[in-house]
Each structure stands twice: as structure tokens, then as C-alpha cells.
Amino acid sequence: MRFGLVLFFFATIAATAASLDQPIAPAADTCLIEIAPNNNMGGQTYVNAGSNMQAVRNRGLLRFDLSQIPPGSVITSATLTVSVIGVPTDGPAGSIFDLHRMLKPWGEGSELALVGAGRGSPATTNEATWNDRFAYANAPWVNPGGEADADYIADSTAEKFISDASFYDFRFGTLAQDVQFWLNNPQSNFGWMLTARDESQISTARRFGSREDPNNTPLLDINFIPATHIDQPHVSGNQLTFSFVAFAEQNYVVEYSTALSTNWNVLTNITAQPAQTNITVSETLSNFQRFYRVNAQ
């Protein structure tokens, strides 16, 4: 018997998005300290952002590892939760804070704050400071503290009005688009800068819990549609087999068609699995050309 040409076509369509088991903590966080431009504070339990009573600026940096998200996934939403654990004692001023996607890499560092002040300690090689992305490595910011549209994107990714010590969510704006960009371009994942919008306003400075503070670490919650694709197609005699990765708690339907312009027919339904599973599908071939696809439901 002569079999027709078998072609493979894949698609992913989902009615509901998947999410990680738990939000992601930063892989790195630190702050840039204008009053101590050669100091680093990457090992401290908090990150400073905003301006002090003399309008001297601090800018926070956060970066997240997205390797838990399957490559090719579509990000549907993202929420960043931060915790303010300290406010100025000299009449704190509420302020809009902005996230800006970073355009350049930087070094977290491991220095601690000097006793009694959020000024960090002298940086060592490759630690971020107000002056340098990587100290003593010939890698300065375009301008000290970072330059808009050179070191970071000037347009805000997301904004939040922040006043008292509490938890705050950045959830609107282009958070999901930033995460999607990083997922598609991991070599460009340099995280966000956190700044007070009006850095000339005094007493907007806030201490945000860092990844070193397990009770107040920033957390990035991501929802996404996981990508899947047909893999390992094989014909033996008149039997066709292929496989695909089924992600946990996700239903799938395997469909076929004799032409891309015609309706798709159900070959088999795959019920949701409790854990990520490799699914193998088998079919007896006919003498017709067929296309196959896997849809998430």
C-alpha cells in the first residue's frame, strides 16, 4: 500500500493560562546611592529608592530569573509585589514610583549598609554603584545613576503610588510585555529600575524589602500559556507515532486534517495530568495526506 505524505503542523490554543507554583523572588537586587556614589549595598535586607530630605536620590534595581517558564510560552499577565519596610522619619512624602526596563547589565554585589545609614559600603570589583554598572571593570553608566533611554527605558513599565509601610502591587502597564521580551530574549534580561517619579521631591525615600529578607522579598507572579509542539515523529510499517509535552493541569486535544483549509477532526483527547508528562500518540496511516496539531484547552 502506498501512503500519502504525512505533514506535521502544530498550534497552541488555550482557554486558561498556566501559572508557576509560586511567585519568583529576585535573582539579584541592589540600589544606586547618589550620596555614596562608589558604594554598593547588594547584600542588605532592603533596597532604597526615592529621595531623602535633601533631595539626594536612590534608585533600586531588580532582576528575575525566568528559566522556570517553558520557552515559547505566551505571557498573559504579570504582577510585581514589593514591601515597604521603612519610611523617612522627617515627614515622609507619598510618591508615584515607576519601574523602568533596564537596557544594560549590572552587578548585584554583596555589600552591607554602613551602621546607621543606607549608604552601603565601598564596592569591590563588578559591584553596581551610582557611578558604575560594574565597579573597577571599566563599565560606567552612561551618566551616574543611569541615563534614560541609554541605561534604562525612559517610559515607565508600571507605576504605583506608595506612601506608608505596606505591600504594594505593580500590575498594570507593560509588565507582561517586559517579561515576554525577556523570555524571548534571555540575553537581554537586565531587570527593572525602581525610581520615584519626581526625584526632586524631598522625603520620598523608601526602604523596600530585598531578596535577603525572606518575609518581605519582592515577588513576581506570572501567568502564561505554555507552548507545546509535536516531537519525534516516526513511521513504522503503517503506524505513525509522535509525542508532545503535556504540562500539568492542562487538557489537550490532538487533531488532524487532510488539508489546512478544511475542518480539523479530533484524533484523541488528553485529560489533564497531575505533573508534566510526555504523551505519545499513535495512529494507523491511510493513503491520504494528513496534517496534525495539538491544542491546549
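Rule-based calculations on the coordinates, nothing more; no lab input. Since the structure is predicted, the reported quantities are computational estimates derived from the model, not experimental observations. Positions of Cβ are generated from backbone atoms using ideal geometry, with glycine treated the same way; all protein chains shown enter the neighbour counts.
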Fill in the blank from the handout: Computed over the range 151-297, the distribution of all Cα-Cα distances in 5 Å bins, rounded to whole %, is 2, 7, 12, 13, 12, 10, 9, 8, 7, 7, 6, 4, 2, 1, 0, 0
Practice task
Would you work out the charge dipole size for the chain about its Cα centre, treating the Cβ of every Lys and Arg as +1 and the Cβ of every Asp and Glu as -1, and quote it to the nearest 20 debye?
Solution key: 620 debye
Practice task
With all distinct Cα pairs included, what does the Kirkwood hydrodynamic radius of the range 17-124 come out to in Å, to one decimal, could you say?
Solution key: 15.9 Å
Handout entry: Lys/Arg +1, Asp/Glu -1 at C-beta; the chain dipole; positive extreme among 114, 50, 185
Key = 185
Exercise for the section: Please express the Cα-Cα pair-distance distribution P(r) of the chain as a list of whole percents, one per 5 Å bin, running from 0 to the bin with the greatest distance. Expected result: 1, 5, 11, 14, 14, 12, 8, 7, 6, 6, 5, 5, 3, 2, 1, 0, 0, 0
Practice task
May I ask you to work out the translational diffusion coefficient for the range 231-296 at 4 °C, viscosity 1.567 mPa s, via Stokes-Einstein with Rh from the Kirkwood sum over Cα pairs, reported in whole µm²/s?
Solution key: 102 µm²/s
